[in-house]
Amino acid sequence: MADPSPPPRPPTAAQDLAMAHRFVVSAGSRDLGAWSKVSGLSVKWDLAEHWVGDSDQYFKYAGVPKFERLKLSRAAERAGTGAVKAWLEEVKSSGGTPEEGAIAMLTSSGESVTSWTLREMFPVAWQISEFDAGASKVAVETLEIVYSGFLAPGSNLTR
């Protein structure tokens, strides 16, 4: 006798977006794997003012943009952690040559939501959580990256 229950339906777009995102990161030609947490992807402009002569009239405009350090976290795993380790070894030998990279935000089913191109990026810190086999916790690695921007090239507000 056949099973009377219908087959499970794939999640709708709204349901898929309500589930956790994944973040895939690359640096140059290196695939640094998927990360579960990303913070610091932001831009903030200094406020610049221009006074007109000796008058009380002045104009405000966006000054130099500032980009925070990017902090990535995930459970340590063989391929991704190995790629990060290899990148850190390269940086140690080369002195941290800036290169272009990217972060892609994916839905839980792997569909692309959006991506950001990171200009002139390189790692500045890496750490892994304390090892404690008795605690039954996953080792979490954290990578910090600096970058000079993610805004569209060609505008005067990209650096």
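The values are calculated or read from the model by the stated rules, or taken from the named source; none is laboratory data. Quick caveat, the model's predicted, so the values are computed rather than measured. Every residue, glycine among them, receives a Cβ derived from its backbone with ideal geometry; neighbour counts consider all protein chains shown.
Some observations on this one:
- Some residue of segment 143-153 being surrounded by fewer than 16 Cβ atoms within 10 Å (Cβ to Cβ), outside any helix (DSSP H, G or I) and touching a helix residue (DSSP H, G or I) at 6+ places or on another chain (Cβ under 8 Å): no
- Subset tally (residues that are out of contact with any helix residue (DSSP H, G or I) (no Cβ under 6 Å at 6 or more places or on another chain), surrounded by 13 or more Cβ atoms within 10 Å (Cβ to Cβ) and not in a strand (DSSP E or B)) for segment 89-107: 4
- Whenever a residue of segment 91-105 is farther than 8 Å from Leu118 by Cα, its partners that are small (Gly, Ala, Ser) and not in a loop (DSSP other than H, G, I, E, B), lying with C-beta atoms within less than 7 angstrom and at least six residues away or across chains, give the pairs Glu99/Ala27; Ala104/Ser112; Ala104/Ser115; Met105/Ser115.
- Residue in segment 127-142 that is among the β-branched types (Val, Ile, Thr), part of a strand (DSSP E or B), more than 15 Å from Arg74 (Cα to Cα) and more than 10 Å from the chain's Cα centre (by Cα) present: no
- Flag: Ala76 matches the condition of being more than 16 Å from the chain's Cα centre (by Cα), surrounded by 13 or more Cβ atoms within 10 Å (Cβ to Cβ), at pLDDT 90 or above and not hydroxyl-bearing (Ser, Thr, Tyr).
- Residue in segment 35-60 that is nearest to Arg22 (Cα to Cα), counting only those that are touching a Phe, Trp or Tyr at 6+ places or on another chain (Cβ under 9 Å) and hydroxyl-bearing (Ser, Thr, Tyr): Ser36
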